[in-house]
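The values are calculated or read from the model by the stated rules, or taken from the named source; none is laboratory data. Everything numeric in this text was worked out from a predicted model, so none of it was measured. Here the Cβ positions follow ideal geometry from the backbone for every residue, glycine too, while neighbour counts run over all protein chains shown. Heads up: the accessible areas ignore ligands, DNA and RNA and are worked out on the full protein's heavy atoms, side chains in. Shrake-Rupley method; radii C 1.70, N 1.55, O 1.52, S 1.80 Å.
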Amino acid sequence: MNGMRRHLVLFAREPGREAREKGFRGSDAAQLFASLAEGWRDAARRTGARLVVVGPPEDRLAWGRWLGRDFLWISQAGADFGRRLENAARTTAGLGGRAVLVGGDVVPSPRVLAAAFSALDCGADAVLAPAPDGGVSLVALPAADFDLLRSIACRRRDVFATLHGRLLSRLRSVELVGLIPDVDGRGSLRRGLLSRMSLPSLRRVARSALVRIWPRDGGSVSFVLQASAGPSGLRAPPASA
């Protein structure tokens, strides 16, 4: 393993709020999103990375109840969601080493995370893992490109293509490390997401959420990249407030 320090940044609301924002109800839904976070925590351990949770300030105590003390906390700060995301990236960069960012609705993949850190160790400028719907589930950017995180919008499906294109236009070397699905709501679980969850325990929790939780109508909420002429953003939970 390369001697550079590693950080896995989980940008997310606490699981109960995440579940409600996705249209789920009940403790089973909160446990589903907690299981996603636990899966990423375990993946971080396997790759020698420290877990960093970046969330709304009011979620700190709840995250402690879900994950205990085995993570570093950073409060979201900024006038809008894009600025909060950029600030999270810059704050994590200040810790030194390499950082990989995922959203709280992304299905854990130790294999893809390991590939992402390996790509960075081997000299890649940026690393992306697309989502099946055209978004981006995992991202690592050089500090010079953190400005691409400022312009954020919801429910865009050209995130990956736009971000990838902008990085290439800046002559960055970009490594693509695999496809990672995310939980946009009950519909995404029913449309084959369950079969792509590699952990049996996670599949059990997801099935329980499907059986017991009433969904709210509405689209997915995730990091998105606007296709305007300005800077861009990524798939992720929406702004805290």
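Miscellaneous remarks
- Amide H contacts of Val52 (H built 1.01 Å from N, under 5 Å, at least 5 apart or other chain): Leu8, Val9, Leu10, Leu72
- If you take all other residues with their beta carbon under 12 Å from the beta carbon of Asp80, and give Lys and Arg +1 and Asp and Glu -1, the sum is +2.
- Ratio of Rg to Rh over region 55-127 (Cα coordinates, Kirkwood Rh, two decimals): 0.98
- Dmax and Rg, reported as Rg then Dmax, of region 1-92 (C-alpha, Å): 13.6, 43
- In this simple spin-label approximation, Asp80 and Glu58 carry label points 7 Å from Cα along the Cα→Cβ vector, and these lie 2.2 nm apart.
- Taken one residue at a time, the phi angles of region 106-113 give Karplus couplings (6.51, -1.76, 1.60, θ = phi - 60°) of 8, 5, x, 9, x, 5, 5, 4 Hz. Gly and Pro are set to x.
- Per residue, region 40-92 exposes an accessible area of 50 Å² to a 1.4 Å probe, with every protein chain left in place.
- From the C-alpha gyration tensor of region 55-97, square roots of 5λ in Å: 20, 15, 5
- Ordering of 98-105, 74-81, 113-120, 63-70 by burial proxy (mean other Cβ atoms within 10 Å per residue, highest first): 98-105, 113-120, 74-81, 63-70
- Counting charges near Phe71 (Lys, Arg +1; Asp, Glu -1) among other residues having Cβ under 13 Å from its Cβ returns a value of +1.
- For region 60-160, the Cβ-based charge dipole about the Cα centre amounts to some 380 debye (Lys, Arg positive; Asp, Glu negative; other atoms uncharged).
- Between Arg172 and Arg157, the simple label model (points 7 Å from Cα in the Cβ direction) yields a spacing of 2.5 nm.
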